[in-house]
Amino acid sequence: MNNRLIINFLRFVGLLLLQVLVIDDIRLGYYIHPYVYVLYIFLLPFNIPNWQLLLSGFAMGFAVDLFNGTPGLNASATVFMAFIRPFVINAMTRRNDINENEEPSLDNMGAGRFIVYSLLMLLAHNMLLFMLEAFSFKLFGIVLMQTLLSVLSSLMLIIIILLLFKKNKKKLI
């Protein structure tokens with residue numbers, strides 16, 4: 001079995017369980033809803049075919065929807081995020097800067113570009129998710145506030161997770 005397939009499967013299960021069993025049970029107020037399960041889509045290899053990317057996004061979003069009882073909300077937002085991912089990566093990087101067989105990460109893209117990449121992806125995901133949840137433009141101010149605060153909290157948790165599971169740990173001293 002392919003080593004990358006095993007890693008992606010474990011990542012899928014680990015992030016799904018972290019999201020639905022831990023993160024979703026933490027109440028941070030009405031406006032803050034961190035989402036770490038999207039890290040699964042962030043870290044898929046650069047050269048993944050688009051159909052696999054979209055299918056992976058649907059599978060992860062649908063699994064979160066099954067646990068949360070939100071039929072289609074997370075699935076649609078995650079598929080949208082998977083759809084725009086190639087465009088965001090192409091806008092963020094040059095072909096010479098990346099190895100197609102690698103995955104986006106703090107090391108491969110550089111911290112600055114990875115954070116911008118994550119911010120754009122989280123903004124797209126959260127804005128669509130909260131707009132679909134509200135299903136009204138009258139609540140746009142609340143949706144915008146939820147999106148901004150949730151993006152910041154999600155990004156903070158994602159960076160912490162990436163630093164905790166970093167492959168080459170260097171001494172900070």
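The values are calculated or read from the model by the stated rules, or taken from the named source; none is laboratory data. Computed from a predicted structure; not experimentally measured. Backbone-built Cβ (ideal geometry, glycine too); neighbour counts: all protein chains shown. Just the protein is used for accessible areas: all its heavy atoms, side chains included, with ligands, DNA and RNA removed. Shrake-Rupley method; radii C 1.70, N 1.55, O 1.52, S 1.80 Å.
Annotations
- Cross-chain or 6+ apart pairs with Cβ under 8 Å, the stretch 41-60 first and under 10 Å from residue 83 (Cα atoms) and without any contact (Cβ under 8 Å) to a residue 40 or more places away in the chain, then part of a loop (DSSP other than H, G, I, E, B) and of a type outside the set (Val, Ile, Thr): 53/44
- Selection status of residue 64, among the aliphatic types (A, V, I, L, M), open to solvent by less than 20 Å² (accessible area, probe 1.4 Å), farther than 23 Å from residue 144 by Cβ and part of a helix (DSSP H, G or I): no
- Just so you know, in the stretch 7-43 the residues that are open to solvent by less than 70 Å² (accessible area, probe 1.4 Å), more than 30 Å from residue 141 (Cβ to Cβ) and of a type in the set (A, V, I, L, M, F, W, C) include one that is nearest to the chain's Cα centre (by Cα), and it is 43.
- Odd one out for residue 101 among (1) touching a Leu at 6+ places or on another chain (Cβ under 8 Å); (2) open to solvent by 20 Å² or more (accessible area, probe 1.4 Å); (3) touching a residue at least 40 places away in the same chain (Cβ under 8 Å): (1)
- Failed criterion for residue 127 (all others in (1) out of contact with any His (no Cβ under 9 Å at 6 or more places or on another chain); (2) more than 21 Å from residue 83 (Cα to Cα); (3) assigned to a helix (DSSP H, G or I) hold): (2)
- Annotation note: of 77, 63, the sole residue that is over 27 Å from residue 141 (Cβ atoms), touching a helix residue (DSSP H, G or I) at 6+ places or on another chain (Cβ under 8 Å) and in contact (Cβ under 8 Å) with a residue 40 or more places away in the chain is 63.
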